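*Asks:* If you scroll down you'll find the structure; I have some questions about it.
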Amino acid sequence: MIFHPSKQLNWFINHLVLPTYFILLFCDIKCFCEQSVYIQPTHSTEKPKPRIPGELYPRMIIFHMDRTIWPFWFELDVTRPIQNKNGIVLDDGFQPLKPYPQVPGLLSSLHSKGYKLAFVNQSPDNSSIESLLQWFDLNKFITYKITMSAPRKELVRLISQNFKVDCGDILYFDGEYEEIPDIAELGTVCIQTSDKGVTTEDVEKGLSVFTTEAPPP
């Protein structure tokens, strides 16, 4: 058997080095796509309402975005890329995208009363979600947001850890019931919204339930 160093080197590169490179590259891309996004947006100019000492209220109100803030499932219903045409947000199939009509006013009201608001979404497409929030002008009401491919229970837990607020001090709204029982296991008060998205009635119900079920401070 004749030994050819150049052939042995080529075999090593083709069978070991290149595959390893592409595996590492894929892992880096996957990690980048699935990383969570923590953003402290510009604060609203509205003056928060002072809190009454000893008043029982949620330290954080979290909204799942899909079918709660806007009337679509981002991963299932939206064809990307999305674009903003003179203030009209469209997906690649020219489907108009916008939040539920009552949502901006509702968030503004909660924010002006001093509540800390957060959004979660399970899409790994952080860039498109961020574009939607900017184009819908919702970032100014949000203290925290996470977009990440993970169970919603984990997203709530991450907000609890990173914002340093106990899960029992969180009020959570979601248009889908499926993962609510898992989130409730954290001690979080959960409210399922209707197919009209989160409404003032939902928030009033949530705050009422919170004062009844949440542990005292």
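*Asks:* Out of the residues in the range 54-95 that are within 18 Å of the chain's Cα centre (by Cα) and among the aromatic types (Phe, Trp, Tyr), which is surrounded by the most Cβ atoms within 10 Å (Cβ to Cβ)?
*Replies:* Phe63
*Asks:* I would also like to ask the following. Just wondering, is there one or more residues in the range 121-143 that are open to solvent by 20 Å² or more (accessible area, probe 1.4 Å), part of a helix (DSSP H, G or I) and closer than 16 Å to Pro58 by Cα?
*Replies:* no
*Asks:* Hey, another quick one. Take Glu176 and tell me if it is among the charged types (D, E, K, R), free of Cβ contacts under 8 Å to residues at least 40 places away in the same chain and open to solvent by 40 Å² or more (accessible area, probe 1.4 Å).
*Replies:* No: the conditions fail for Glu176.
*Asks:* For the range 160-173, which residues satisfy the criterion of being open to solvent by less than 70 Å² (accessible area, probe 1.4 Å) and either without any contact (Cβ under 8 Å) to a residue 60 or more places away in the chain or touching an Asp or Glu at 6+ places or on another chain (Cβ under 9 Å) (or both)?
*Replies:* Ser160, Cys167, Gly168, Phe173
*Asks:* Among the residues of the range 184-201, which ones are part of a strand (DSSP E or B) and β-branched (Val, Ile, Thr)?
*Replies:* Val189, Ile191
*Asks:* Just checking, does the range 162-170 include any residue being over 30 Å from Gly87 (Cβ atoms), over 17 Å from the mean Cα position of the chain (by Cα) and not in a loop (DSSP other than H, G, I, E, B)?
*Replies:* Within the range 162-170, one or more residues are over 30 Å from Gly87 (Cβ atoms), over 17 Å from the mean Cα position of the chain (by Cα) and not in a loop (DSSP other than H, G, I, E, B).
*Asks:* Something else about it: Select, from Lys153, Lys98, the only residue that is closer than 24 Å to Leu171 by Cβ, open to solvent by 20 Å² or more (accessible area, probe 1.4 Å) and either basic (Lys, Arg) or touching an Asp or Glu at 6+ places or on another chain (Cβ under 9 Å) (or both). Before you say what the answer is, go through the steps one by one.
*Replies:* Details: Lys98 fails: closer than 24 Å to Leu171 by Cβ.
Selected residue: Lys153, the only one of Lys153, Lys98 that is closer than 24 Å to Leu171 by Cβ, open to solvent by 20 Å² or more (accessible area, probe 1.4 Å) and either basic (Lys, Arg) or touching an Asp or Glu at 6+ places or on another chain (Cβ under 9 Å) (or both).
*Asks:* Filter the range 202-217 down to the residues that are of a type in the set (Val, Ile, Thr) and either at pLDDT below 95 or part of a loop (DSSP other than H, G, I, E, B) (or both) and list them by number. Before you say what the answer is, go through the steps one by one.
*Replies:* Restricting attention to the range 202-217, the residues satisfying the condition of being of a type in the set (Val, Ile, Thr) are 203, 209, 211-212.
Result: Val209, Thr211, Thr212.
*Asks:* Another one. Looking at Leu132, Leu138, Leu171, can you tell me which residue is more than 23 Å from Glu201 (Cα to Cα), modelled with pLDDT of 95 or more and not charged (D, E, K, R)?
*Replies:* Just one listed residue meets the conditions, Leu132.
*Asks:* State all residues of the range 175-199 that are within 14 Å of Val209 (Cβ to Cβ) and of a type outside the set (A, V, I, L, M, F, W, C); if no residue qualifies, say none.
*Replies:* Residues satisfying the conditions are Gly187, Thr188, Gln192, Thr193.
*Asks:* Looking at Arg80, Arg67 in this structure, which one is modelled with pLDDT of 95 or more and closer than 20 Å to Gly197 by Cα? Talk me through it step by step, then tell me what you get.
*Replies:* Details: Arg80 fails: closer than 20 Å to Gly197 by Cα.
Exactly one of Arg80, Arg67 is modelled with pLDDT of 95 or more and closer than 20 Å to Gly197 by Cα, namely Arg67.
*Asks:* Among the numbered criteria (1) part of a loop (DSSP other than H, G, I, E, B); (2) open to solvent by 40 Å² or more (accessible area, probe 1.4 Å), which one does Pro181 miss?
*Replies:* It is condition (1) that Pro181 fails.
*Asks:* Look at the range 192-206 and say how many of its residues are open to solvent by less than 50 Å² (accessible area, probe 1.4 Å) and under 17 Å from Pro151 (Cα atoms).
*Replies:* If we filter the range 192-206 for residues that are open to solvent by less than 50 Å² (accessible area, probe 1.4 Å), which is where we start, we get 193, 197-199, 202-203, 206.
Subsequent filtering for residues that are under 17 Å from Pro151 (Cα atoms) retains none.
Counting residues in the range 192-206 that are open to solvent by less than 50 Å² (accessible area, probe 1.4 Å) and under 17 Å from Pro151 (Cα atoms) gives 0.
The values are calculated or read from the model by the stated rules, or taken from the named source; none is laboratory data. These numbers come from a predicted model, not from an experiment. A quick note on method: Cβ atoms are made from the backbone with ideal geometry, for glycine too, and the neighbour counts reach across all protein chains shown. With ligands, DNA and RNA removed, areas are computed over all heavy atoms of the protein, side chains included. Shrake-Rupley method; radii C 1.70, N 1.55, O 1.52, S 1.80 Å.
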